[in-house]
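The values are calculated or read from the model by the stated rules, or taken from the named source; none is laboratory data. Nothing here was measured: the structure is a model prediction, and the numbers come from that model. So basically every Cβ, Gly included, is an ideal-geometry build from the backbone, and we count neighbours across all protein chains shown. Each accessible area value is taken on the protein alone, full model and side chains, heavy atoms only, with ligands, DNA and RNA left out. Shrake-Rupley method; radii C 1.70, N 1.55, O 1.52, S 1.80 Å.
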Amino acid sequence: MSRFSGKTVVITGGNRGIGYAMAERFASEDANVVIASIEEHVYEAADALVATGAKAKGFVCDVTNISQVKELYEFAAKEFGSVNISVQNAGIITIAKVEDLTEKEWDATMNVNTKGVFLCCQEAIRHMRGNGGKLINMASGQARDGFIYTPHYAASKFGVMGLTQSLAKEVALDGITVNAICPGIIKTDMWDYNDRVWGKMLGDFGPGELMESWVQNIPMKRAGEGRDVAGLVSFLASNDADYITGQTINVDGGLIMS
Ligand code: NDP
């Protein structure tokens with residue numbers, strides 16, 4: 001299936017984890033793929049995609065830096081001629097008791113997870129006006145239900161839902177859809193950190209044990225994989241989702257049903 005032939009997708013945080021799984025999925029459907037991340041190792045990830053036959057480029061970009069974000073979208077448009085899909089996936093988390101949570105952690109989390117999503121949407125929209133496009137923003141199950149020791153992360157992801165709805169209303173007549181997604185428990189580096197740190201704070205959990213116990217709360221009784229999230233994102237980026245905008249959709253094996 002080649003739903004994305006001739007389309008260019010930008011994916012922030014696309015060098016590893018969920019973002020890389022999305023990049024693989026878009027590449028497998030013939031998209032031009034630009035992956036961005038904060039470190040130079042993004043070029044190795046792009047090379048790995050190219051080795052599979054993909055049309056892929058890497059770009060170093062801190063999503064909190066407006067100049068670098070502008071350069072990212074200019075790069076994508078110059079390399080491939082247009083920007084049609086943009087996935088605002090880059091994100092960070094820390095876990096701390098409320099008295100220990102620093103202002104620096106609060107600011108960094110809000111900056112990457114919420115401001116970074118906004119800056120990328122803003123720049124992508126500049127390139128999409130007149131042509132239409134699809135924006136997909138990374139929220140989290142924590143945009144539905146805040147969790148213990150992560151008030152900054154939950155606030156940042158609730159913020160993503162708000163900006164998604166607001167932008168969806170503003171750009172609807174330009175043929176641009178804006179949606180958000182809420183993954184549950186997905187096996188990535190971020191989840192390894194969560195398992196380790198929450199595991200220590202919530203009890204005497206060994207490596208992997210906290211995750212295993214939480215997975216028991218998922219009706220499907222398994223953690224998600226990047227490809228589970230990539231399936232939803234590719235649907236929202238496709239023409240089958242042309243009449244869907246301003247929505248926030250869970251992809252979590254049924255963990256949260258509200
Ligand atoms: P990872 O920690 O595996 O990857 C995070 C990605 O974000 C990396 O590519 C990283 O780049 C990039 N990144 C971090 N800060 C910046 C920045 N300032 N500018 C550009 N890129 C940046 O995370 P996941 O794949 O697990 O998560 C991806 C998204 O999904 C995040 O937004 C996360 O909050 C969300 N999510 C994850 C869940 C999970 O269970 N894993 C559940 C719900 C939501 P680099 O490699 O260069 O550091």
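Restricting attention to the stretch 49-65, which residues are crowded, with 16+ Cβ neighbours inside 10 Å and part of a helix (DSSP H, G or I)?
The answer is Leu49, and nothing else.
Criterion first (out of contact with any Gly (no Cβ under 8 Å at 6 or more places or on another chain), touching a residue at least 24 places away in the same chain (Cβ under 8 Å) and within 15 Å of the ligand (Cβ to nearest atom)) does Ile186 satisfy it?
For Ile186, the condition - out of contact with any Gly (no Cβ under 8 Å at 6 or more places or on another chain), touching a residue at least 24 places away in the same chain (Cβ under 8 Å) and within 15 Å of the ligand (Cβ to nearest atom) - is not met.
Of (1) away from the ligand (no atom under 12 Å from the Cβ); (2) open to solvent by 30 Å² or more (accessible area, probe 1.4 Å), Leu210 satisfies all except one. Which?
Among (1) away from the ligand (no atom under 12 Å from the Cβ); (2) open to solvent by 30 Å² or more (accessible area, probe 1.4 Å), Leu210 violates only (2).
When you look at Asp204, is it without any contact (Cβ under 8 Å) to a residue 60 or more places away in the chain, under 28 Å from Lys97 (Cβ atoms), buried (at least 20 other Cβ atoms within 10 Å of the Cβ) and among the charged types (D, E, K, R), yes or no?
Criteria not met by Asp204.
Take Val233 and tell me if it is at negative phi and touching a helix residue (DSSP H, G or I) at 6+ places or on another chain (Cβ under 8 Å).
yes
Only one of these conditions is not met by Thr150: (1) in contact with a helix residue (DSSP H, G or I) (Cβ under 7 Å, 6 or more places away or on another chain); (2) open to solvent by 50 Å² or more (accessible area, probe 1.4 Å); (3) farther than 26 Å from Ala23 by Cβ; (4) of a type outside the set (Lys, Arg). Which number is it?
(2)
Which of the residues belonging to the stretch 1-54 are within 15 Å of the chain's Cα centre (by Cα) and of a type in the set (Gly, Ala, Ser)?
Listed by number, the residues that qualify are Gly13, Gly14, Gly17, Gly19, Ala21, Ala23, Ala36, Ser37.
So how many residues does the stretch 64-99 have that are within 16 Å of the ligand (Cβ to nearest atom), closer than 24 Å to Asn131 by Cα and among the β-branched types (Val, Ile, Thr)?
3
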